Amino acid sequence: MPPHDPQHNASASPPHKPMRTGTGRRTRLSDAQTERRMLDAGIRFVTANGLSLSLEHLSMEDLIRDAGVSRTSSYRRWPTKDQFAASLLMEIARATELTSDTEALLEALADADIAAIDVSTPAGRRTALVEALRALMHTDLVTMLDSPRWRSYMVLRAGHIGLADTELRTRVAEALTATEQRFTATRARAFAALCRIIGYHLDEPETMTWEQLSLTVGAMATGMLIRGYSDPAPIRTVTPRRALGSQVASPWSSAALGAVGTFMDAVEPDPEVTWDAEHLAQLRAQLADLPAIALQILTEE
């Protein structure tokens, strides 16, 4: 992990070249090979040019050339452009993996220098948690805003309800839900681990799980992301402030403030944790190693 991202691989791969034999004739591809090459070409196109549900800007002839397949084979599989568009939308919904930019997240945690915070007091430990969450959420939102993969996903998530084909609409919705569940689960593991390290837990575990909190924070982030495509200021613009009980002034965006505030409303210090000298020493060691711990969590299967 991070999970396999077919869109990323497709965009990075060069166009397929026709396969030729020693006699100069092009080798005939199987129907399955033709289908795979055409869908890969379609994903490359969407990654480079963006997604609209009608895909009116997509040219079958251009894709056939990019894929290196024959017109006959392609049109045998998809007699119309609309049929190909339906297959491509389903492929995008099914194959997309919503992943964070792990390298950027680790750099943000390192830059936040959480280990330098005095965690010997409850206020200090709250500061460490808030600052870690700020670094993670701000970085996630900015990288999502800049990601063609996330933009295509958001277009499909927001617009799939307008698909006229009821069966296709249902299948796309199911694939999108499965994709979101995987991302939500990864984020939930990270949230739970971070709180466990700093001595926090859910304040109402009987009514809220880490997965539900992850979903709630993710829904707020998604709303800010959609807005950010037309007005990126709430995501990109930061203002130094001491927020949410943090003792240090840090650069906060409105989007990160909303997401972290939602999270902090659902957690509290765990009264079962005893902060003796040994436990504090363990906490300081873990905070010093926080980027490595985060890497393990974000990349585990």
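Quick look at the values:
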| item | result |
| --- | --- |
| Where labels lie 7 Å past Cα in the beta-carbon direction, separation of residue 285 and residue 173 in nm | 5.1 |
| Spin-label pair residue 32/residue 242, simplified geometry with 7 Å Cα→Cβ offset, distance in nm | 6.4 |
| Loop trypsin sites (Lys or Arg not before Pro), segment 229-262, which have at most 14 other Cβ atoms in a 10 Å radius of their Cβ (DSSP) | 242 |
| Choice from 287, 29, 213 with maximal GNM fluctuation in the chain (Cα, 10 Å cutoff) | 29 |
| In degrees, nearest ten, helix 148-159 long axis to first principal axis of the chain (Cα) | 80 |
| Efficiency of FRET between residue 56 and residue 189 - r from beta-carbon atoms, R0 41 angstrom, step 0.05 | 0.50 |
| Residues residue 207 and residue 123, FRET efficiency given R0 of 30 Å [Cβ-Cβ distance, rounded to 0.05] | 0.65 |
| Nearest-ten-degree value, helix 290-299 long axis tilted from longest Cα axis of the chain | 30 |
| Cα-based equivalent ellipsoid of the chain: semi-axis lengths in Å, sorted from largest, via gyration tensor | 45, 19, 17 |
| Point-to-point label distance, residue 270-residue 296, nm (Cα→Cβ direction, 7 Å offset) | 1.6 |
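None of the figures in this text is laboratory data; all of them are computed from the coordinates on show. The model shown is predicted, which means the values in this text are computed figures rather than measured ones. Backbone-built Cβ (ideal geometry, glycine too); neighbour counts: all protein chains shown.
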